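Notes follow the structure.
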């Protein structure tokens, strides 16, 4: 089967068109589009979008459940504890499809709507030991490929990763060029910190197969377990963005692995 640019578009009520064209590994550009739908606390549907595709697949929504690369999630409710199993993939445990992408490719997550400006953006990956059906995200094997917290004080300001999502409605990351090929989960996480001691974790996972000639995988302090990649009491989670006078912020969890 030819590799190609893959498009997953969840722009309609959490549904996505999907497709493959012959140029995916040549253009090295994949787009994920998360869509957020109305909910009292959360507008939540990850939408994955891959560019330049002739035809598309619908994205996942609990009411319809079309086939997609996105791990299927059960509801729109927020995750508030870092120790909740749901924080891994918003409760998603399986998907019918997977996308093929080249190491060194750019991945763009696009939100239909996002409403919070204080909090970090963190992008994680997890190497599956075999096929996706057996890949449950367990163990200390998650690693970050990208993140951005607060880049300038004050904490109550708009110099945050999530403020960029609020403004631009997308986040673009690069899969490390040296990453070894294989089956991976990719996890986009927005941590909303607009309420003190009341974090809201917005995370979604999708299934991707990485190709290329890379030979590296992270180890040691770069790896973490999800749930529980940090303590619920971690200052990066409990920070009072409106009451604290702190001038710096550290994202919870390990440092980014760049290869």
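Of note:
- Going by neighbour counts of Cβ atoms within 10 Å, the residues 211, 140 line up, fewest first, as 140, 211.
- Cα gyration tensor shape for region 208-259, rounded if a/c is under 1.5, else prolate or oblate: prolate
- Residues 172, 189 in ascending order of nearby Cβ atoms (within 10 Å, fewest first): 172, 189.
- C-alpha center-to-center spacing [region 236-254, region 183-224] in angstrom: 20 Å
Computed from the coordinates by the stated procedures, all read-outs in this text should not be read as laboratory data. Computed from a prediction, not measured in an experiment: that's the story for all the values here. Please note: Cβ atoms are built from the backbone with ideal geometry, for glycine as well, and neighbour counts cover all protein chains shown.
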